[in-house]
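S.K.: Got a structure for you, written out below as structure tokens; questions coming shortly.
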Amino acid sequence: MQVKINIDGGSRGNPGPGAAAYVICSPDGTILAQEGHFMPHCTNNQAEYTALKLALIKAKELGATELFIQSDSLLLVKQFLGEYKIKHPDLAARMAVIRRLAAPLTIHMQHVLRHLNKAPDALANKAMDAKQSVGFNPIVHLPPEEETLPPAAPENIVNGVEVKPVQRPKPAPAKSASKRALKKPHQPDLFGEL
């Protein structure tokens with residue numbers, strides 16, 4: 001079954017409260033499902049990625065096998081197609097989940113201008129205004145978090161690399177010295193007598 005999907009995501013504050021939205025239509029334009037998924041705290045890119053993830057889950061639930069997806073996020077489209085590298089570890093982990101969900105499907109991804117993607121944008125804004133998810137025929141069963149969320153990022157990331165405390169060897173203890181050797185040497189007074 002073929003479906004057309006428009007996705008969008010946004011965040012007020014970036015990061016801040018946000019929403020991810022998808023609208024899935026049949027080839028004749030009939031809306032099969034649409035959802036604005038509220039996210040209490042996210043970035044714009046996290047919301048865009050979540051919109052794609054949720055659209056893939058719902059399309060699979062509907063029995064779709066060929067997806068024509070449109071997004072106004074050039075970054076998401078180029079990263080999904082492998083034309084841009086994904087440098088941020090969180091987004092890379094999210095894309096790994098998306099690729100796993102997309103593997104059994106035939107996907108055609110296209111970037112569109114914002115004015116051609118109004119439906120999911122309106123849905124995302126409605127969810128952000130309501131501070132809760134809204135939709136028609138939303139996802140019945142969202143898989144457990146470990147199947148849809150990226151693995152937790154390590155806490156000690158600097159410049160995209162995990163850092164650990166440095167363990168330096170402790171200096172060897174000094175051999176016991178006589179009391180005379182432990183006395184501080186006499187420091188001559190530079191302005192007085194020696």
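S.K.: To the nearest 0.05, what FRET efficiency results for R12 and A172 with a Förster distance of 41 Å applied to their C-beta separation?
M.R.: FRET efficiency, R12 to A172: 0.10.
S.K.: Based on alpha-carbon centroids, what's the gap between segment 64-108 and segment 1-38 in Å, whole number please?
M.R.: For segment 64-108 versus segment 1-38, the Cα centre distance is 15 Å.
S.K.: Still on this structure: Please state, to two decimals, what the Cα-based radius of gyration of segment 2-136 comes to when divided by 2.2 N^0.38 Å (N = residues).
M.R.: In units of the 2.2 N^0.38 Å rule of thumb, it is 0.95.
S.K.: On a full-extension model of 0.36 nm per residue, what is the gain between N125 and K87, subtracting their alpha-carbon distance, rounded to one decimal in nm? Working shown, then result.
M.R.: Values: separation 38, 0.36 × 38 = 13.68 nm, distance 2.79 nm.
Gain in length upon complete extension: 10.9 nm.
S.K.: Here's a follow-up. Residues with amide H under 5 Å of G36's amide H, sequence separation 5 or more or different chain, H placed in the peptide plane at 1.01 Å from N; which?
M.R.: HN-HN under 5 Å from G36: V134, G135.
S.K.: Work out, in µm²/s and without decimals, the Stokes-Einstein translational diffusion coefficient of segment 1-78 at 37 °C, 0.692 mPa s, Rh from Kirkwood over C-alpha pairs. Before the final figure, lay out each step's value.
M.R.: Numbers: Rh = 12.4 Å.
Translational diffusion coefficient: 264 µm²/s.
S.K.: Sort 11-24, 103-116, 126-139, 45-58 for me by packing, meaning the mean count of neighbouring Cβ atoms within 10 Å per residue, highest on top.
M.R.: In descending order of packing, they fall as 45-58, 11-24, 126-139, 103-116.
S.K.: In this model, which of K87/K126; K85/K131; K87/K170; K53/K131; K53/K126 are farther than 28 Å apart at the alpha-carbon?
M.R.: K87/K126; K85/K131; K87/K170
Values quoted throughout were computed directly from the atomic coordinates according to the rules given, and no laboratory measurement underlies them. Treat the numbers as computed from the prediction; the structure is a model and nothing was measured. Every residue, glycine among them, receives a Cβ derived from its backbone with ideal geometry; neighbour counts consider all protein chains shown.
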